[in-house]
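Colleague: This is the structure, below, for whatever I ask next.
The values are calculated or read from the model by the stated rules, or taken from the named source; none is laboratory data. Nothing here was measured: the structure is a model prediction, and the numbers come from that model. Please note: Cβ atoms are built from the backbone with ideal geometry, for glycine as well, and neighbour counts cover all protein chains shown.
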Amino acid sequence: MTKLAIMGAMEEEITPLLEYFTDIKKNNYANNTYYECRLGDLDVVIAYSKIGKVFSTLTASTMIQKFGCDTLLFSGVAGGINPQLKIGDLIVANKLSQHDLDITAFGHPYGYVPGGSVYVNTDQKLKDIALEVAKESDIKIIEGIIATGDQFVANEKRKEFIESTFQADALEMEGASVAVVCDALNVPCLILRAISDTADMDAGFNFDEFLESSAKNSASFLMKVIERIK
Ligand code: ADE
């Protein structure tokens, strides 16, 4: 690894990460701010993309193609689907899907377009390191499927559809798009999330209450993973 990308979607998701770094150089590009810094011998670029698949695709592509990052780690929050996931708990994605991608009218499965695939995988090695670090530190983490879409889900019916269609354990708004970029450009990626809500009718309220604390859980665990891989 020569240059590490660390991404979130919202400012609240990267603020707790930036606190671990000093000598940060701000670089404005494509309507966003990229924070260039170092961790020991390692060059690091940190950014939040703004919410959703389009902005996260732009940021992931920029970090790889303009800034030359060759490993990408994502930290943030998600809505829990798997009942084992309580607010604050961590999930690392083994694969991700776009739950709002729908050309079923042409006989294709949800999440599929020709030339793509319903699921995109993440890097096995990075995920194994995350699971190992959690085990050693006695931190609860679940390895599972994350479904991504341009919707804040606060509705049991939509949540059930996403669970039954994609066997998803959690849902959010950026992971699959970032993983698609990384897969296409051969950059290993890790998608880590901490639960902020359970995507039900209380989701909006819970999200506001737990965004900051769950984002911090995800960020502090990610820093432990980075210590191991750097
Ligand atoms: N991220 C965190 N909670 C979410 C939810 N309920 N829907 C979409 N993205 C989320």
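Colleague: In the list V180, V225, V153, V187, which residue meets the criterion of being farther than 23 Å from K50 by Cβ and β-branched (V, I, T)?
Modeller: Testing whether each residue is farther than 23 Å from K50 by Cβ and β-branched (V, I, T) leaves just V225.
Colleague: While we're here: Among the residues of region 65-88, count how many are in contact with an Asp or Glu (Cβ under 8 Å, 6 or more places away or on another chain), among the small types (G, A, S) and either near the ligand (Cβ under 10 Å from one of its atoms) or within 18 Å of A154 (Cα to Cα) (or both).
Modeller: Residues that pass the stated criteria total 4.
Colleague: Here is a further query. What number of residues within region 146-168 satisfy the criterion of being β-branched (V, I, T), more than 9 Å from the ligand (Cβ to nearest atom) and in contact with a helix residue (DSSP H, G or I) (Cβ under 6 Å, 6 or more places away or on another chain)?
Modeller: 1
Colleague: Out of all the residues in region 92-112, is one or more touching a residue at least 24 places away in the same chain (Cβ under 8 Å) and within 19 Å of F210 (Cα to Cα)?
Modeller: Looking through region 92-112, at least one residue is touching a residue at least 24 places away in the same chain (Cβ under 8 Å) and within 19 Å of F210 (Cα to Cα).
Colleague: N94 - would you say it is surrounded by 15 or more Cβ atoms within 10 Å (Cβ to Cβ) and part of a strand (DSSP E or B)? Talk me through it step by step, then tell me what you get.
Modeller: Details: surrounded by 15 or more Cβ atoms within 10 Å (Cβ to Cβ): yes; part of a strand (DSSP E or B): yes.
The answer is yes for N94.
Colleague: Of the residues V133, V153, which single one is assigned to a loop (DSSP other than H, G, I, E, B) and either within 20 Å of L90 (Cα to Cα) or in contact with a Lys or Arg (Cβ under 9 Å, 6 or more places away or on another chain) (or both)?
Modeller: Exactly one of V133, V153 is assigned to a loop (DSSP other than H, G, I, E, B) and either within 20 Å of L90 (Cα to Cα) or in contact with a Lys or Arg (Cβ under 9 Å, 6 or more places away or on another chain) (or both), namely V153.
Colleague: Give the number of residues within region 38-56 that are at pLDDT 95 or above, surrounded by fewer than 21 Cβ atoms within 10 Å (Cβ to Cβ) and over 19 Å from N27 (Cβ atoms).
Modeller: 3
Colleague: Residues L222, L192, L185, L171: which one is more than 16 Å from the ligand (Cβ to nearest atom), of a type in the set (A, V, I, L, M) and buried (at least 22 other Cβ atoms within 10 Å of the Cβ)?
Modeller: One residue alone meets the criteria, L222.
Colleague: Examine region 199-219 for a residue that is surrounded by 18 or more Cβ atoms within 10 Å (Cβ to Cβ), within 16 Å of the ligand (Cβ to nearest atom) and part of a loop (DSSP other than H, G, I, E, B), and state whether such a residue exists.
Modeller: yes
Colleague: Here is a further query. Which numbered condition in (1) touching a Ser or Thr at 6+ places or on another chain (Cβ under 8 Å); (2) outside any strand (DSSP E or B); (3) surrounded by 16 or more Cβ atoms within 10 Å (Cβ to Cβ) is the only one that G68 fails?
Modeller: Exception for G68: condition (3).
Colleague: Assuming D138 fulfils every condition listed in (1) more than 18 Å from the chain's Cα centre (by Cα); (2) in a loop (DSSP other than H, G, I, E, B); (3) closer than 25 Å to F55 by Cβ; (4) away from the ligand (no atom under 13 Å from the Cβ) apart from one, which condition is it?
Modeller: Here D138 meets the rest and fails (3).
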